[in-house]
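Participant: Handing you this structure, nothing more for now.
The values are calculated or read from the model by the stated rules, or taken from the named source; none is laboratory data. Note that the structure is a prediction, hence the values are computed from the model and not measured. Virtual Cβ from ideal backbone geometry, glycine too; neighbours counted across all protein chains shown.
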Amino acid sequence: MPDAMDRALVEATQAGLPLTPRPYEDIARRLGLAEDEVRARLGALLDGGALRRIGVVPNHYRLGYRANGMTVWNVDDAQVDILGPQVGALPFVSHCYRRPRRLPQWPYNLFAMVHGHDRAEAEAYAEEIAGLLGAACLGRDILYSTRILKKTGLRLGAAGRGD
Amino acid sequence: MTPLDRTIINGLQGGFPLSQRPFGDAAEGLGIREIDLVERLRAMLDDGTLTRFGPLWDPVALGGAVTLAAMAVPEERFDAVAEAVNAFPEVAHNYARDHALNMWFVAADSDEAALARTLDRIAAATGLEVLSFPKEREYFLELKLEA
């Protein structure tokens with residue numbers, strides 16, 4: 001389990017890594033740590049999974065992915081945990097989760113994000129998912145993002161500040 | 001987009017080194033110059049091609065709580081509601097989507113109780129019902145977009 005210093009590290013990198021020749025040294029100086037310790041902690045957090053990856057996050061739209069569709073599926077509860085990983089393994093699916101239904105507004109329990117250059121491409125991907133789900137699929141929809149209203153790194157509120 | 005930018009985007013969506021001079025090592029791995037890597041990262045962050053560069057944390061593994069939430073926002077209030085929702089630092093991403101539930105955002109907080117309070121505050125600030133869809137199972141998460 002990450003400790004208080006790990007959480008301070010999360011806070012210190014929330015806005016991203018500094019674009020300096022030795023970014024870990026800069027973070028270390030801010031936290032009063034040795035550079036080696038910052039690098040070792042980040043490595044341990046990567047291994048443990050709390051740090052998913054270090055890299056660039058591109059803006060989908062700028063890369064030409066104009067049809068960013070959240071495909072949502074009402075999948076038989078008895079089969080969703082078998083089919084979910086198969087949907088997630090499709091090469092064009094970037095995220096795939098099981099989430100709760102909220103009836104009556106929301107009957108869907110499987111969410112899979114697909115990214116197409118246009119809606120026809122995204123819809124072809126949705127058809128592939130539908131084919132994989134077969135009779136276990138009791139309903140479906142696709143919600144396209146029409147605007148990014150906000151996109152920043154996740155903050156953990158009080159967790160990072162220790163209160 | 002230049003071939004250099006493509007190289008950086010396709011080659012650096014993960015695996016940025018933990019070495020003392022990571023930009024130099026990453027650049028070498030990509031077959032480009034360190035100065036070009038740093039300059040292009042800066043430029044692509046400035047012009048919005050990149051939304052972030054750095055560590056991507058799993059809030060749940062850090063002991064935090066996160067959810068995907070949705071609201072049905074009346075069209076005439078959409079921009080004002082977006083502003084009110086975005087003003088919460090707990091809200092990381094917010095997207096307009098073409099559905100009766102037309103605003104979808106990701107919120108993270110220190111723990112489940114704090115997250116529930118934040119969602120209540122968002123509902124109070126907007127006068128709208130907030131539906132929360134916390135993930136129950138993660139089947140796949142590996143965003144790799146080809147530039």
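Participant: Collect the residues in region A:123-140 that are touching a helix residue (DSSP H, G or I) at 6+ places or on another chain (Cβ under 8 Å) and not β-branched (Val, Ile, Thr), keeping them in residue-number order.
Facilitator: A:LEU132, A:LEU133, A:ALA136, A:CYS137, A:ARG140
Participant: Only one residue in A:ILE142, A:ILE82, A:ILE129 is surrounded by 20 or more Cβ atoms within 10 Å (Cβ to Cβ), over 21 Å from B:ALA69 (Cα atoms) and either β-branched (Val, Ile, Thr) or within 11 Å of another protein chain (Cβ to nearest Cβ) (or both), so which one is that?
Facilitator: A:ILE129
Participant: Condition first: more than 20 Å from B:THR67 (Cβ to Cβ), surrounded by 15 or more Cβ atoms within 10 Å (Cβ to Cβ) and modelled with pLDDT of 95 or more. Can you find one or more residues in region A:96-106 that meet it?
Facilitator: Among the residues of region A:96-106, not one is more than 20 Å from B:THR67 (Cβ to Cβ), surrounded by 15 or more Cβ atoms within 10 Å (Cβ to Cβ) and modelled with pLDDT of 95 or more, which makes the answer no.
Participant: Among the residues of region B:23-51, what is the count of those that are out of contact with any Pro (no Cβ under 9 Å at 6 or more places or on another chain) and closer than 18 Å to A:ALA15 by Cβ?
Facilitator: Number of matching residues: 7.
Participant: Of all the residues that make up region A:30-54, how many are among the charged types (D, E, K, R), part of a helix (DSSP H, G or I) and buried (at least 17 other Cβ atoms within 10 Å of the Cβ)?
Facilitator: Going through region A:30-54 one residue at a time, the tally reaches 2.
Participant: Next question. Could you check A:PRO21 against (1) part of a loop (DSSP other than H, G, I, E, B); (2) more than 8 Å from chain B (Cβ to nearest Cβ); (3) without any contact (Cβ under 8 Å) to a residue 40 or more places away in the chain and say which number it fails?
Facilitator: (2)
Participant: Then there's this: Run down A:VAL72, A:VAL38, A:VAL87, A:VAL57 and say which single residue is of a type outside the set (Phe, Trp, Tyr), more than 7 Å from chain B (Cβ to nearest Cβ) and either in contact with a Ser or Thr (Cβ under 6 Å, 6 or more places away or on another chain) or over 28 Å from B:LEU18 (Cβ atoms) (or both).
Facilitator: Criteria check complete, one pass: A:VAL72.
Participant: Something else: Take the residues of region B:43-69 that are of a type in the set (Gly, Ala, Ser) and more than 8 Å from every other protein chain (Cβ to nearest Cβ): which is surrounded by the fewest Cβ atoms within 10 Å (Cβ to Cβ)?
Facilitator: Per the criteria, the residue is B:ALA43.
Participant: Here's something else I'd like to know. Report, ordered by the first and then the second residue, all pairs with beta carbons closer than 7 Å, sequence separation of six or more or different chains, a first member in region B:88-110 that is at negative phi, and a second member that is at pLDDT 95 or above and among the basic types (Lys, Arg).
Facilitator: B:TRP104/B:ARG97
Participant: Could you say which residue among B:VAL66, B:VAL73, B:VAL91 is under 27 Å from A:ILE54 (Cα atoms) and at pLDDT 95 or above?
Facilitator: That would be B:VAL91, the only listed residue that is under 27 Å from A:ILE54 (Cα atoms) and at pLDDT 95 or above.
Participant: Kindly indicate which of B:THR51, B:THR7, B:THR67 is hydroxyl-bearing (Ser, Thr, Tyr), over 18 Å from B:ARG121 (Cβ atoms) and not in a helix (DSSP H, G or I).
Facilitator: B:THR51
Participant: Going through region B:7-35 one residue at a time, which ones are out of contact with any Leu (no Cβ under 9 Å at 6 or more places or on another chain) and either at the interface with chain A (Cβ under 9 Å from one of its Cβ atoms) or modelled with pLDDT under 95 (or both)?
Facilitator: B:GLY15, B:PRO17, B:SER19, B:GLN20, B:ARG21, B:GLU34
Participant: I need the full set of residues from region A:1-18 which are within 7 Å of chain B (Cβ to nearest Cβ) and not aliphatic (A, V, I, L, M), in order please.
Facilitator: A:PRO2, A:ARG7, A:THR13, A:GLY16
Participant: Among the residues of region B:17-48, write down those that are touching a residue at least 24 places away in the same chain (Cβ under 8 Å) and part of a loop (DSSP other than H, G, I, E, B).
Facilitator: B:GLY31, B:ILE32
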